[in-house]
Amino acid sequence: MTTEPPATRRRRAGPGTHALGLVAVVTVAGALLAGPPGPEGATRRDAAVRPPHDARMPAGARAQPATPTPGPRLLRAETRKALPHDPRAFTQGLEFRGATLYESTGRVGHSSVRAGPPGRPPARYVALPAPLFGEGITLTGSKLWQLTWRNGVAVERDPTTLEERRRVGYEGEGWGLCHQHHAGQERLVMSDGTDRLTFRDPDTFEATGGIDVRQDGSPATRLNELECTPDGSVYANVYPTNTILRIDPDTGAVTANIDAAGLLTASERRGAKQLNGIAAVPGTDRFLLTGKLWPRMFEVVFVTR
């Protein structure tokens, strides 16, 4: 223990110095118990009661609420070009490969796959026999996959001739399908009319995983025709609305809500059914949209509402 300096001893010799001496002893003992000083000379007790440097606020200031997570962007489809479309085609899927547009149509006895330049009669056409009901399509390498609605069958086709090669079974309904490059690999993304996207092997069609889609924390259901884009997003028509969702397939979050209403005139809408059909136009920021029994298809861009 450190001895006291002479001056301290002399002060304690006078009247009333016993109390002062007791205070000094207590003070020294407290300092020893407190331990070594902390950062910037603060004791452990100081560090425990003082807020962190970045949490200190000026007197009278109020704590600000946490910044909320931004919701999906609100976009709309703006027409750049209108093209003819077969008004008898009950469109279930669209996809480009180069300048060729592939289209799948539905209804028992009227289902088909067709391919050719957009806006012109198809150069190739193959019917899907009853009782199969055609749904979404996609292309991957040397394969063209076509879904069926409630038949539990995916049809693999030759993308050049459109001829059937084989059929592969799956559980549940088939609605939309697209092909995606993800983390250095390839996968198919499939919808079944719920909020669930299922990932599948592009060669075997076996399920490899999936994700639930959420918009502002709530399930985004009725996901229909799909389109995978090079930036990693998945676009989905929402049946039976004029809404298209842009989805992050890694998180399931909806990143954009797109209004595609008003493409058809009032007279064209009388014979048409739901919006269904979305294909990214290669090398551009445009998309081709159409619907079931629509007389036209539309090349659009998505702009802020």
Positions within the stretch 262-277 being in a loop (DSSP other than H, G, I, E, B) and either in contact (Cβ under 8 Å) with a residue 40 or more places away in the chain or within 15 Å of His85 (Cβ to Cβ) (or both), in sequence order: Leu263, Leu264, Thr265, Gly271, Ala272, Lys273, Gln274
Matching entry among Gly134, Gly119 (being open to solvent by 10 Å² or more (accessible area, probe 1.4 Å) and either more than 30 Å from the chain's Cα centre (by Cα) or in contact (Cβ under 8 Å) with a residue 40 or more places away in the chain (or both)): Gly119
Only one of Pro87, Pro131, Pro122 that is under 30 Å from Val303 (Cα atoms), assigned to a loop (DSSP other than H, G, I, E, B) and out of contact with any His (no Cβ under 9 Å at 6 or more places or on another chain): Pro87
Residues satisfying the stated conditions in the stretch 58-112, i.e. modelled with pLDDT under 95 and more than 30 Å from the chain's Cα centre (by Cα): Pro58, Ala59, Gly60, Ala61, Arg62, Ala63
Enumeration of residues in the stretch 168-186 that are open to solvent by less than 30 Å² (accessible area, probe 1.4 Å) and within 17 Å of the chain's Cα centre (by Cα): Gly176, Leu177, Cys178, Gln180
Qualifying positions in the stretch 199-221 - basic (Lys, Arg) and surrounded by fewer than 19 Cβ atoms within 10 Å (Cβ to Cβ): Arg214
Any hit, the stretch 86-93, residues being among the acidic types (Asp, Glu) and without any contact (Cβ under 8 Å) to a residue 40 or more places away in the chain: yes
Residue count, the stretch 289-299 (criterion: aliphatic (A, V, I, L, M) and buried (at least 24 other Cβ atoms within 10 Å of the Cβ)): 2
Lone qualifier among Thr208, Thr160 - being at pLDDT 95 or above and assigned to a loop (DSSP other than H, G, I, E, B): Thr160
Cβ-Cβ under 7 Å pairs, at least 6 apart or on other chains, the stretch 186-207 side of a type in the set (Asp, Glu), far side open to solvent by 50 Å² or more (accessible area, probe 1.4 Å) and not in a strand (DSSP E or B): Asp192/Gly172; Asp192/Glu173; Asp195/Thr221
Hey, Ala280 in contact (Cβ under 8 Å) with a residue 60 or more places away in the chain and open to solvent by less than 10 Å² (accessible area, probe 1.4 Å) or not: no
From Asn224, Asn257, residue being within 18 Å of Leu94 (Cβ to Cβ) and either touching a strand residue (DSSP E or B) at 6+ places or on another chain (Cβ under 6 Å) or surrounded by fewer than 18 Cβ atoms within 10 Å (Cβ to Cβ) (or both): Asn224
Residues of the stretch 69-84 satisfying the condition of being in a loop (DSSP other than H, G, I, E, B) and open to solvent by less than 80 Å² (accessible area, probe 1.4 Å): Gly71, Pro72
Subset of the stretch 211-232 (residues that are part of a strand (DSSP E or B) and more than 15 Å from Leu147 (Cβ to Cβ)): Ile211, Asp212, Arg214, Gln215, Ser218, Pro219
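The values are calculated or read from the model by the stated rules, or taken from the named source; none is laboratory data. Just so we're clear, the structure is a prediction, and the values are computed from it rather than from any experiment. Counting neighbours? That spans all protein chains shown, and the Cβs are built from the backbone with ideal geometry, glycine included. We work out accessible area using only protein heavy atoms, side chains counted, and drop any ligands, DNA or RNA first. Shrake-Rupley method; radii C 1.70, N 1.55, O 1.52, S 1.80 Å.
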